[in-house]
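**Q** My structure is below; once you've seen it, I'll send some questions.
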Amino acid sequence: DRPAFESSTLNNLVSPWQTFKNPADLFCQVLGYSYQIVTLADGSQDSLCLLPGDTSCPAWSFLNGECGQQYNACARLGWQTQTLPDGKFAFSPKYAVCVNQEGKRQASAIELTDLVSRASAALPTNP
């Protein structure tokens with residue numbers, strides 16, 4: 001049985017019947033790259049974004065603009081990438097922002113790829 005939420009505030013929150021795709025892995029795919037889950041020496045798992053020329057980056061580092069900048073959404077528009085640590089991205093405290101030749105911020109890589117709406121995939125509300 002599903003819990004009954006009476007508050008309209010609670011109803012506007014993400015419910016347990018919604019799921020999100022991993023935004024870092026999805027970012028790789030949206031840009032046409034593949035990703036691979038790897039097991040690290042300590043037994044934990046991470047995902048790598050597989051980039052051209054046998055290059056790979058941890059998927060979250062690629063999304064955050066800390067690795068593989070020459071292959072990201074900003075570079076495709078001829079812009080540079082800055083990593084901002086201001087916590088304004090819902091999935092991570094850091095995120096990549098595209099900066100034009102004059103140094104003016106244009107958009108985040110997340111906005112350019114419409115990542116938030118692509119990552120949210122609501123399951124049926126009445127399972």
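The values are calculated or read from the model by the stated rules, or taken from the named source; none is laboratory data. Keep in mind it's a predicted model, so treat the numbers as computed, not measured. These area figures cover heavy atoms from the full protein model, side chains too; ligands, DNA and RNA do not enter into them. Shrake-Rupley method; radii C 1.70, N 1.55, O 1.52, S 1.80 Å.
**Q** For Leu51, which sequence-distant residues (separation of 5 or more, or a different chain) have an amide H within less than 5 Å of its own amide H, given hydrogens modelled in the peptide plane?
**A** Amide H neighbours of Leu51: Ser56, Cys57.
**Q** Using the Karplus curve 6.51 cos²θ - 1.76 cosθ + 1.60 with θ = phi - 60°, what ³J(HN,Hα) values do you get for each residue of the stretch 84-100, in whole Hz, with x for Gly and Pro?
**A** 9, x, 8, x, 7, 9, 4, 8, 7, x, 10, 7, 8, 10, 8, 10, 6
**Q** Now for a different question. Rounded to the nearest 10 Å², what accessible area does Trp79 have for a 1.4 Å probe in the complete protein model?
**A** Surface open to solvent at Trp79 totals about 60 Å².
**Q** If amide hydrogens are placed 1.01 Å from N in the peptide plane, which non-local residues have theirs closer than 5 Å to the one on Phe91?
**A** Result for Phe91 returns nothing.
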